[in-house]
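The values are calculated or read from the model by the stated rules, or taken from the named source; none is laboratory data. Please read these numbers as outputs of a predicted model, since none were measured by experiment. Neighbour counts are summed over all protein chains in view; Cβ atoms, including those assigned to glycine, are modelled from backbone coordinates with ideal geometry.
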Amino acid sequence: RITLITGPNMGGKSTFLRSICLNIILAQVGMNAACARLRMPVFNQVFTRIGASDSLARGESTFMVELNEASRIMRHATDRSFVIMDELGRGTSTQDGNAIARAVLDHLRSVGCYILFSTHYHDLVARYEGVDKAYVDCVIDGGDIVFLHKIRDTISPPS
């Protein structure tokens, strides 16, 4: 029910999350999903927290927008919901962001919803047993990063 994804910035994590979300929505409404095979339950809700920016009109920082979105998801998610979260906690310090990501993930895990969660917090990923772990692969070639745009099963090397 839970997949944690790591990988470098610009490696394709957010694009992967968006494509999974779109395919889930297509399948939910009876359309063809862009995949060879798909097996999933019918979800009562699909929640996303992808990308964050401030809301100057409402006087909210990027961090506040992130927390408000996470709070809404935590209040409404059920064991029949699908939740996608992209790098929760990036709008604050590493220590605080890690703690927030862990608390939100712990809560959602206790709810029993399906979760696709990307993060740069490798210690967060290492902390969880019994969940799927994947990473967006890249190679270093002569000092340059080459993004492979492939999802690999297991924990990634530090990004």
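Kindly indicate whether any position in region 50-64 is free of Cβ contacts under 8 Å to residues at least 24 places away in the same chain, part of a strand (DSSP E or B) and of a type outside the set (Gly, Ala, Ser). So far as region 50-64 goes, yes, one or more of its residues are free of Cβ contacts under 8 Å to residues at least 24 places away in the same chain, part of a strand (DSSP E or B) and of a type outside the set (Gly, Ala, Ser). I'd like to check something: does region 115-122 contain any residue that is at pLDDT 90 or above, among the aliphatic types (A, V, I, L, M) and assigned to a strand (DSSP E or B)? Yes, some residue in region 115-122 is at pLDDT 90 or above, among the aliphatic types (A, V, I, L, M) and assigned to a strand (DSSP E or B). Hey, any hits in region 58-73 for a residue that's basic (Lys, Arg) and either touching a Lys or Arg at 6+ places or on another chain (Cβ under 6 Å) or modelled with pLDDT of 90 or more (or both)? Among the residues of region 58-73, at least one is basic (Lys, Arg) and either touching a Lys or Arg at 6+ places or on another chain (Cβ under 6 Å) or modelled with pLDDT of 90 or more (or both), which makes the answer yes.
Quick check, is Gly130 assigned to a loop (DSSP other than H, G, I, E, B) and either touching a residue at least 60 places away in the same chain (Cβ under 8 Å) or more than 16 Å from the chain's Cα centre (by Cα) (or both)? It is true that Gly130 is assigned to a loop (DSSP other than H, G, I, E, B) and either touching a residue at least 60 places away in the same chain (Cβ under 8 Å) or more than 16 Å from the chain's Cα centre (by Cα) (or both). I'd like the residue in region 65-101 that is outside any helix (DSSP H, G or I) and small (Gly, Ala, Ser) and, out of all such residues, is surrounded by the most Cβ atoms within 10 Å (Cβ to Cβ). Result: Gly89.
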